[in-house]
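Each remark here refers to the structure printed beneath this line.
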Amino acid sequence: MAKGGPVRFLRHPVVQYVAAGALMLVAIAAATAWLSGRAATNQARSEARRSTELLAQSVVEPAVPRKLMRVDVGAVDRLDRAIRDTLALADVARVKIWRRDGTIVYSDQSELIGQRFSLGEEEVRVLEGAPTEAEVSDLGKPENQLERTSGGLLEVYTRITTPEGDPLLFEAYYPLDRLDVRRSAYLRAFRPITLGGLLLFLVATTPLLALLTRRLEAAAAEREQLLVRASGASEAERRRIARDLHDGVVQDLAATAFGLSAAAREKDVPPQLTERLQGFSASLRSSLRGLRSLLVEIHPPDLQATGLVAALEDLVAPAEARGVEATVSVTGAELLDERGTALVWRVAQESVRNSLRHASAEHLWVTLSPQPAGVVLEVRDDGDGFDPDATTSPEHFGLRGLASLATDNGGRLDVESRPGAGTTIRLEVPAR
Amino acid sequence: MKLRRTLAVAAVGGLLAVPVAAAPANASHGSDDRVTRTGSCSGSADWKLKVKSDDGRLEVEGEVDSNKNGQVWRWRIRHNGALSAKGTKTTQPPSGSFSVERKIVDLAGTDHVVFRARHVGSGQVCRGVINFG
């Protein structure tokens with residue numbers, strides 16, 4: 001048919017099902033990764049908040065000495081000695097303790113001690129009593145200029161109190177690399193459930209779909225064969241009827257017409273009767289011509305004898321009455337054997353009929369020509385065209401039957417058509 | 001480590017600020033980030049003060065050698081004038097000495113470190129100063 005191998009492959013139901021399944025797998029993988037990442041981030045933030053609160057309440061706040069608010073160096077030393085080893089164990093990348101005015105009163109990065117930066121709104125809120133907050137650090141901020149991490153930091157801040165009762169903001173920074181580890185862990189946990197389940201479903205259902213498709217294709221092939229056989233039986237029946245009519249009724253009518261003409265010419269027949277007999281004879285001859293045309297329509301009596309050219313011209317004769325300009329061009333007919341000639345006639349007959357009945361064409365071209373691959377019949381029109389993939393039209397089954405017939409006879413039938421672009425039916429028949 | 005640390009020296013001001021010391025202190029520093037000063041206390045004891053960089057902090061080590069076991073000394077470490085650490089130590093055999101070691105933060109600029117020890121019984125005072133950085 002009109003499409004090539006790759007197109008047919010892509011339109012196969014099993015291929016489309018597997019492709020849709022693969023797309024779904026990719027979509028679910030992406031969604032799972034996103035959800036895992038979000039869950040991991042939330043979980044990591046939550047854990048970081050808990051860790052920071054625990055660190056602040058159980059380690060840092062009890063160790064805060066007096067005078068830290070004033071950035072007393074001795075107080076800074078004492079706090080540093082008290083908490084530094086614990087911070088290292090807690091996997092904290094950086095610690096800062098802020099005063100309300102934005103002064104860093106302590107940091108494990110000693111260069112920051114005593115420096116002053118502006119606090120964000122959320123940090124101020126936490127300092128004033130809001131719950132612990134966690135967010136990804138903006139490493140572009142001035143207070144983070146000394147950070148050398150490549151993977152980013154998660155910063156968590158909570159409130160602590162000095163022995164004098166003043167509030168301080170304790171801020172702990174954690175490497176974001178931990179998020180990736182956690183995200184991978186979540187992904188590993190979800191993947192077998194989501195992707196594995198869908199993959200198993202695909203693996204289980206694809207063979208079933210393939211089986212159903214094979215059954216449908218077998219049923220379609222069987223129906224084609226039935227059509228071909230029905231067509232063959234119809235051809236044989238037409239041939240028998242045509243032969244019977246030709247050998248019986250046509251001969252009898254011809255003899256009767258001849259007898260009437262002869263009787264009319266006899267001298268003892270009254271002139272009035274002669275005229276009537278000649279009228280009967282003319283009427284009989286007219287009926288005989290009509291009957292012979294009908295016989296040609298039913299079955300060409302002998303394509304080899306009468307010639308394919310004349311038969312094809314007879315075939316397109318009704319086109320004129322329908323307002324279609326038909327052109328017949330035949331070369332290389334002598335290269336066809338009897339089977340090839342019959343096949344050409346059968347395909348031309350079906351194609352011309354379809355065109356005249358359905359195409360609403362202005363032109364119809366029937367061309368037979370020798371080609372390197374054999375003899376090629378091309379029936380082309382500039383009519384409405386149709387979708388060769390549509391399986392609902394009756395012509396489709398007729399064309400598929402012809403295609404099978406062509407294949408059975410060593411030929412090949414191609415249909416090129418699309419809505420609004422006319423139709424070309426091309427038959428390749430091996431030369432004898 | 002800051003390069004300037006390798007050029008750290010004990011400040012002259014440290015010497016001038018030891019009114020009770022009987023003899024001038026001696027300073028030395030090696031090729032790494034370390035400064036050592038030694039000197040005599042107001043009595044017969046000697047003191048030694050070391051400051052060195054250690055993993056982003058300064059390690060301060062003060063030592064008093066009186067050659068007498070069992071003496072009780074009160075000691076203090078001041079950092080930029082603020083009290084960083086203090087305590088009481090007893091001289092131990094065989095040398096009749098004691099030493100204390102504390103880490104302090106390495107602040108921007110020069111760190112002024114003072115080690116002071118006073119013998120509870122006699123009032124003898126030892127005082128060493130290092131300006132590090």
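In whole Hz, with x marking every Gly and Pro, tabulate ³J(HN,Hα) for segment A:102-118 from phi via Karplus 6.51 cos²θ - 1.76 cosθ + 1.60, θ = phi - 60°.
Values, residue by residue: x, 7, 7, 8, 7, 7, 5, 8, 5, 5, 7, 5, x, 7, 10, 9, 8 Hz.
Give me B:S122, B:S97 ranked fewest to most by other Cβ atoms within 10 Å of their Cβ, as a rough exposure proxy.
B:S122, B:S97
Please list, ordered by chain and number, the residues whose modelled amide H lies under 5 Å from the amide H of B:L83; skip anything fewer than 5 residues away on the same chain.
It is A:G74, by chain and number.
Give me the percent of Cα-Cα pairs in segment A:12-175 that sit more than 26 Å apart, rounded to a whole number.
Tail of P(r) above 26 Å: 35 percent of Cα pairs.
Tell me the net charge near A:L368. Cut-off is 15 Å between Cβ atoms, A:L368 excluded, with +1 for each Lys or Arg and -1 for each Asp or Glu.
Within the 15 Å Cβ shell, the charges total -2.
Obtain the nm distance between the two label points defined at A:D138 and A:A310 by a simple spin-label model: each point lies 7 Å from its Cα along the Cα-to-C-beta direction.
About 9.8 nm, to one decimal.
Show me the GluC sites (Glu not before Pro) within segment A:144-221 that DSSP assigns to loop and that have at most 12 other Cβ atoms within 10 Å of their Cβ.
A:E164
Provide A:Y173, A:Y17 in ascending order of the number of other Cβ atoms located within 10 Å of each residue's Cβ, fewest first. Let's see the in-between values first.
Details: A:Y173 23, A:Y17 16.
Going from least to most buried by this count: A:Y17, A:Y173.
Report the local net charge at A:R432: Lys and Arg +1, Asp and Glu -1, summed over other residues whose C-beta lies under 10 Å from its C-beta.
-2
Return the calculated 222 nm mean residue ellipticity for chain A, to the nearest 500 deg cm²/dmol, obtained by summing -39500 (n - 2.57) across DSSP H runs with n ≥ 4 and dividing by the residue count.
After summing the helix terms and dividing by the residues of chain A, the value is -19000 deg cm²/dmol.
For chain A, what relative contact order do you get, as a whole percent, if you take Cα pairs closer than 8 Å and at least 6 residues apart?
On the way: 588 pairs, mean separation 53.8, N = 432.
It rounds to 12 percent for chain A.
Using the Cα atoms of segment A:76-134 to build a convex hull, what is its mean projected area in square nanometres? Don't jump to the answer; show the numbers that get you there.
Details: hull surface 18.0 nm².
That works out to 4.5 nm².
Student exercise: in the protein assembly as shown, how many lysine pairs 8 or more apart or on different chains have Cα atoms under 20 Å apart?
20
Please list the non-local residues whose amide H lies under 5 Å from the amide H of A:L154, H modeled 1.01 Å from N, same-chain partners needing a gap of 5 or more.
Placed amide hydrogens put A:S137, A:Y174, A:L176 under 5 Å from A:L154.
Summing Lys, Arg as +1 and Asp, Glu as -1, what charge do residues with Cβ under 15 Å from the Cβ of B:S97 carry, B:S97 excluded?
Values: positive: B:K48, B:K50, B:K68, B:K89; negative: B:D46, B:E61, B:E63, B:D65, B:E101.
Result for the neighbourhood of B:S97: -1.
Scan around A:D389 for amide H atoms under 5 Å from its own, H built in the peptide plane at 1.01 Å from N, and keep only partners 5 or more places away or cross-chain.
none
Considering all projection directions equally, how large on average is the shadow of the alpha-carbon convex hull of segment A:2-65, in square nanometres?
About 6.5 nm², averaged over all directions.
So what's the Cα pair-distance distribution over the protein assembly as shown, bin width 20 Å, in %?
Here the calculated profile for the protein assembly as shown is 15, 23, 14, 11, 13, 13, 8, 3, 1, 0.
So how do A:R339, A:R380, A:R148 line up by other beta-carbon neighbours within 10 Å, fewest first?
Arranged by neighbour count, lowest to highest, A:R339, A:R380, A:R148 become A:R148, A:R339, A:R380.
No lab work stands behind these numbers, since they all come straight from the coordinates. Only a predicted model underlies this, so the values are computations on that prediction, with no experimental measurement involved. Positions of Cβ are backbone-derived with ideal geometry, glycine not excepted, and every protein chain shown enters the neighbour counts.
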